[in-house]
1. Counting just the residues of segment 12-49 that are in contact with a helix residue (DSSP H, G or I) (Cβ under 7 Å, 6 or more places away or on another chain) and open to solvent by 50 Å² or more (accessible area, probe 1.4 Å), which one comes out nearest to residue 92 (Cα to Cα)?
2. Among what's in segment 49-97 and is small (Gly, Ala, Ser) and within 19 Å of the chain's Cα centre (by Cα), pick the residue that is farthest from residue 234 (Cα to Cα).
3. Read through the list (1) outside the structural domain of residue 84 (by TED's automatic domain parsing); (2) small (Gly, Ala, Ser); (3) within 19 Å of residue 154 (Cβ to Cβ), then give the number of the only condition that residue 248 fails.
4. In segment 254-268, which residues are of a type in the set (A, V, I, L, M, F, W, C) and either more than 18 Å from residue 234 (Cα to Cα) or touching a helix residue (DSSP H, G or I) at 6+ places or on another chain (Cβ under 6 Å) (or both)?
5. So which residues in segment 215-242 are assigned to a helix (DSSP H, G or I) and more than 22 Å from residue 119 (Cβ to Cβ)?
6. Looking at 211, 194, 205, which is the one that is in a helix (DSSP H, G or I) and either without any contact (Cβ under 8 Å) to a residue 60 or more places away in the chain or under 14 Å from residue 155 (Cα atoms) (or both)?
7. Write out, first by first residue and then by second, each pair whose Cβ atoms fall under 8 Å of each other, whose residues are 6+ apart or on separate chains, and whose first residue, in segment 56-72, is assigned by TED's automatic domain parsing to the domain that holds residue 18 and without any contact (Cβ under 8 Å) to a residue 40 or more places away in the chain while the second is of a type in the set (D, E, K, R) and part of a loop (DSSP other than H, G, I, E, B).
Amino acid sequence: MTKVLAVGQYSDIDLKALNADFGAPPLEDLARIADLPESDRAQVTALAYKGHHALDGAVMDLLPGLKLIANFGVGYDAINIADASARGITVTNTPNVLNDDVADLAVALLVMEQRKLTASEQWMRDGRWPTEGAYPLARKMSGRKVGVLGMGRIGREIADRLAAFKCEIHYQSRSRKDAPDGWTYHADPVALAGAVDDLVIAVVGGPETVGFVSAEVIEALGPDGIIVNIARGTVIDEPALLDALESGRLRGAGLDVFLNEPDIDPRFLALPNVTVLPHVGSATAETRAAMGDLQRQNIHAHLQGQALVTPVN
Ligand code: 8YV
């Protein structure tokens, strides 16, 4: 047994690299850790984790020598940081390398939903253009007032892109940011939603943002609004979102993240006013390679007793 244990569904590139660097063939999921012999578990000092299932103290206690959890992903909401800190375990993530991809996708979701791109492409593929004529008119995206909820690194990339689409930028964040002239700060999400046409969610996941986009926020956005979520499903009150979409109190949504992925609420799939994507924000070969590199850099630093590259606790 090596000192490094990998858990999760890795790409071939990552599998090769994990094996070459650490001789660490991954376990499929966290539940498999308990199946390892106690003597093997005792040797593990670093856990390379890729996944969204809860990794809490009970799992950590199966690896009594654990010092590092190197998460594959910027969001580490699945990992109980308090449990890790209490056990002297440092957690690392993979920030920045995915900002462009996730921001690209957020803007794409807004364009797709405003312009009805999926439905109009389907119109063409179904042969309806020659028989029924032009696809019904969609809505203009450029120039809308867009609220970015969460002005961290990804939020900023999204806002910069939307500014290039001539959108009026509003944002809400824990604090006012050093933003370009003309961007408007709002102290809370309801005020933000009330001031804009559409809302893009880019806050971190985790306990402090559960249900942050509440029924009240959705109501404040109003029936002409689109909500885009590239953050975490937990950030939206999902039943309230579904009710608003089904009843027309919200015009549409572009969603890359959901509660209970991949077994999402089937009501989403029945809605014509939602663009759904299977959590592909960072899913390009280039970005996933960079994320894997950063995960392994943190493990190398740990094994060599050097400062970790991207610690979160
Ligand atoms: C996941 C993500 O990491 O980085 C994040 O926070 O949500 C994604 O990039 C990806 O699904 C791999 O697990």
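The values are calculated or read from the model by the stated rules, or taken from the named source; none is laboratory data. Please read all numbers here as calculations on a predicted model, not as lab measurements. Glycine gets a Cβ as well: all are built from the backbone with ideal geometry, and neighbour counts include every protein chain shown. We work out accessible area using only protein heavy atoms, side chains counted, and drop any ligands, DNA or RNA first. Shrake-Rupley method; radii C 1.70, N 1.55, O 1.52, S 1.80 Å.
1. Looking at residues that are in contact with a helix residue (DSSP H, G or I) (Cβ under 7 Å, 6 or more places away or on another chain) and open to solvent by 50 Å² or more (accessible area, probe 1.4 Å), I get 21.
2. Per the stated criteria, the residue is 70.
3. Against the list (1) outside the structural domain of residue 84 (by TED's automatic domain parsing); (2) small (Gly, Ala, Ser); (3) within 19 Å of residue 154 (Cβ to Cβ), residue 248 comes up short only on (3).
4. Within segment 254-268, 257, 258, 259 meet the criteria.
5. Scanning segment 215-242 gives 215, 216, 217, 218, 219, 220, 233, 234, 235, 238, 239, 240.
6. 194
7. Short answer, once both residue conditions are applied: 57/87; 60/87; 61/87; 66/87.
The rows are residues; the columns are (1) free of Cβ contacts under 8 Å to residues at least 40 places away in the same chain; (2) basic (Lys, Arg); (3) farther than 14 Å from residue 70 by Cβ.
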| position | (1), (2), (3) |
| --- | --- |
| 244 | yes, no, yes |
| 249 | yes, yes, yes |
| 259 | yes, no, yes |
| 271 | yes, no, yes |
| 276 | yes, no, yes |
| 280 | no, no, yes |
| 288 | no, yes, yes |
| 300 | no, no, no |
| 303 | no, no, no |
